[in-house]
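Quick one: this structure, given as structure tokens, is what I'll be asking you about.
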Amino acid sequence: MVANLLLLTILLTPIQKDSLKTTKYKQFHEDRFLVKMIIKLYQNTISKQQGDVCVFEPTCSHFAEQSVEKYGIKGIFMAIDRLERCNPTAWRYANKYYPVVLTKKRGYKLKDLPEWHK
């Protein structure tokens, strides 16, 4: 009887560890999904009313979406940093830290990608 319980415990232990990893993995993706939905809500409501006020390409909300998708929690901090830098004084750093690009619909903007902030 005791031997059967020990054998059963040994056999079930790896399954339980794998299920815990899956739960953490799912929870992480659910958190990412929640942050991305908040960003989408912002893009579809407030951003449309403000118009084109971002000096960067891609816009700050698109930057946040990309960085959260690629880097997870670190991407949230990258997005906060980007929001702090997004103001008219950022043009002082044109061609020094940020290249200037001409976009079709938005005119001249400063290029800043999530991959540059690893």
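Quickly run through the range 77-111 and pick out the residues that are aliphatic (A, V, I, L, M) and assigned to a helix (DSSP H, G or I).
Going residue by residue through the range 77-111, those that are aliphatic (A, V, I, L, M) are 78-80, 83, 90, 94, 100-102, 110.
Answer for the range 77-111, where residues must be aliphatic (A, V, I, L, M) and assigned to a helix (DSSP H, G or I): 78, 79, 80, 83, 90.
Exactly one condition in (1) surrounded by fewer than 19 Cβ atoms within 10 Å (Cβ to Cβ); (2) part of a loop (DSSP other than H, G, I, E, B); (3) of a type in the set (A, V, I, L, M, F, W, C) is not met by residue 54; state its number.
Condition (1) is where residue 54 drops out.
Results for (1) at pLDDT 90 or above; (2) touching a Cys at 6+ places or on another chain (Cβ under 7 Å); (3) closer than 24 Å to residue 44 by Cβ, shown as yes or no for each residue.
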position	(1), (2), (3)
74	no, no, no
90	no, no, no
97	no, no, no
100	yes, no, no
104	no, no, yes
113	no, no, yes
117	no, no, no
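Residues in the range 8-20: is at least one among the acidic types (Asp, Glu) and either at pLDDT 80 or above or surrounded by 15 or more Cβ atoms within 10 Å (Cβ to Cβ) (or both)?
Within the range 8-20, not a single residue is among the acidic types (Asp, Glu) and either at pLDDT 80 or above or surrounded by 15 or more Cβ atoms within 10 Å (Cβ to Cβ) (or both).
Please specify each residue of the range 29-83 satisfying the condition of being among the aromatic types (Phe, Trp, Tyr) and either touching a helix residue (DSSP H, G or I) at 6+ places or on another chain (Cβ under 8 Å) or over 14 Å from residue 117 (Cα atoms) (or both). Break it down into steps so the answer makes sense when it comes.
The initial filter retains those residues of the range 29-83 that are among the aromatic types (Phe, Trp, Tyr), namely 33, 42, 56, 63, 71, 77.
Those that are among the aromatic types (Phe, Trp, Tyr) and either touching a helix residue (DSSP H, G or I) at 6+ places or on another chain (Cβ under 8 Å) or over 14 Å from residue 117 (Cα atoms) (or both): 33, 42, 56, 63, 71.
The values are calculated or read from the model by the stated rules, or taken from the named source; none is laboratory data. Only a predicted model underlies this, so the values are computations on that prediction, with no experimental measurement involved. When we count neighbours, we look across all protein chains shown, and the Cβ atoms used for this are built from the backbone with ideal geometry, even at glycine.
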